[in-house]
Amino acid sequence: MGFPLARSAVLLLGLVIVATGLQLETALGASRVALVIGNGAYQKVETLPNPPNDATDIAASLGRLGFSVRTLTDARFEDMRRGLIEFGREAREADMAVVFFAGHGMEIGGENWLIPIDAELRNDTDAENEAVSLRAVMLQVANARGLGLVILDACRNNPFAAKMTRSIRTRAVASGLARTEPTDNVLVAYAAKDGTTATDGAGRNSPFTTALLNNLEKPGLEVTFMFRNVRDEVMGATKREQQPFVYGSLSKEAIYLKSPPSTAAAAGAPPAAVPPDELLWSTIRESKVSALFEEFLRRFPNSARAPEARTRLAEAQKATPAQARVALQTPAANAGASGSDTAQAGGLFTGQDAQRVAAIASQHQIPLPQFRINRPDAKVPSDVRRFVGIWATKIAFGGGRGRQTMIIITDVDADRRVVGYWAFGPPTPTTADQNPANSFAFTGRIEGDTLHFENRIANWVITLTVGDNLHVAQQRKDGRTPTANLEAVWRLAERERSAGR
């Protein structure tokens, strides 16, 4: 299970090269321009809470990628019109031009419109004078020498459409956006496929913008593959109710928002101002994972940081046995009050199973809680019984950047209620929160193939996939939506089939 520890350290060493690549992206900033608009404070309809946040966060991300960014928040029609004209002039001198819009957008008679906050739109013909057409936006980004990109988080269920008077009875007015056909070097990304609507989200950002922020700054992620990642993350976060879509096609030349390290080096990026050992040390110095310090000493034995690394290694090694002792509890201890390992799940969860689970937990420094797996009543249907079991990550959250995790579901009932434990290992240097490894109990409810529960950190959406593995999406209160896949370690349903019970 999981990455070998040395491989994890190698991944961290990649941050050294990424840091160098970032310097190149900044040097190229003059050839990249962006216009970012977030409209939430609509004057004639209910306000949207997230678009200003979405715009602020996307603007910051594009700025880190070397874009010269013009940001408009709660923009009126005249603000948007002038901003787009000025942006178009800048795009003519740029290699890459990006427009991001979050707010209300709608289709009228096959034409797509982005709506300013002062729009009233009493009639469908008012759009020409009160809104900005997507066609005009595409024309402006097409001025760029390389890539023109329009990203629209604007497919929300639109209140303007319901009250608008149509000049022609057959002329359609829709909340979603119509399909578009960009030309040449232009891509257009919708938060939701044409004819469908997107959710604004309950956190700081919408699900679409959250996924976009998760992927924009990944080095070496070609732009079309980036949007594939965004699509998968949004569909996971919305239980497949919202499907982003990209329109347009590009040439065979790979285009990156953040160049892969090898590309940056080939392009003659300036040498890093900070030595590689110092860059790596700044990444791992607060970690509690001994293997990271071992890898540092192996690669940089003569570094000025080597004595400090040895001290931190000794501290981490002292802590590890204590964590291992928690993780490697005896089967009797895990069995609960009865003290018998055969009591768990009516004897279907054995001492050998407990040792295997403990070994996996120890490998990832996951502190196991004391748990007892109870076999459900015979009245509990099979689709609910499938949720009783133990699963663990092979690749940690966020594509390996987050924590290793184990889910233990101990009880289900005929009302589809669930009791279980969420256990997680120590943070990595790229984990958002740096709290130590821990576990907590949870209660939730099953709906179809999905288990939902909520705590102060996130809404958790856990879906049984093909082969009865788990896909987990955290809809976090801070707006992020990390995901992970967990593989089955032990499943009650499988043991019941094998035992013929």
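Each reported figure results from applying straightforward, stated rules to the coordinates on display, with no laboratory input. All figures in this text were calculated on a predicted structure; none of them were measured in a lab. When we count neighbours, we look across all protein chains shown, and the Cβ atoms used for this are built from the backbone with ideal geometry, even at glycine.
Observations on the model:
- ³J(HN,Hα) computed for each position of the stretch 430-436 - Karplus, 6.51 cos²θ - 1.76 cosθ + 1.60, integer Hz, glycine/proline x: 9, 6, 4, 9, 10, 5, x
- Taking label positions 7 Å along the Cα-Cβ direction at both residue 383 and residue 487, the computed distance is 2.8 nm, reported to one decimal.
- Take the Cβ atoms of residue 454 and residue 355, set R0 to 22 Å, and the FRET efficiency comes out at 0.10.
- A prolate overall shape is assigned to the stretch 70-144, the ratio a/c of its alpha-carbon gyration tensor axes (a ≥ b ≥ c) being 1.5 or greater and a/b exceeding b/c.
- Relative to the Cα centre, the charge distribution of the stretch 37-85, modelled as +1 at Lys and Arg Cβ and -1 at Asp and Glu Cβ, gives a dipole magnitude of about 200 debye.
- What the Kirkwood sum gives for the stretch 358-403 is a hydrodynamic radius of 13.2 Å, with every pair of different alpha carbons counted.
- Neighbour counting of Cβ atoms within 10 Å sorts the residues 492, 139, fewest neighbours leading, into 139, 492.
- Fewest-first sequence of 183, 428, 463 by Cβ atoms within 10 Å of each Cβ: 183, 463, 428
- As a ratio to 2.2 N^0.38 Å, the alpha-carbon radius of gyration for the stretch 362-491 is 1.01.
- Counted by neighbouring Cβ atoms within 10 Å, the residues 101, 371 run from fewest to most as 371, 101.
- Phi angles of the stretch 55-65 translate, via the Karplus equation with coefficients 6.51, -1.76, 1.60 and θ = phi - 60°, into HN-Hα couplings of 5, 4, 6, 5, 4, 5, 5, 5, x, 5, 8 Hz per residue; Gly and Pro are given as x.
- Computed label-point distance, nm, for sites residue 60 and residue 413 using a 7 Å Cα→Cβ extension: 4.4 nm
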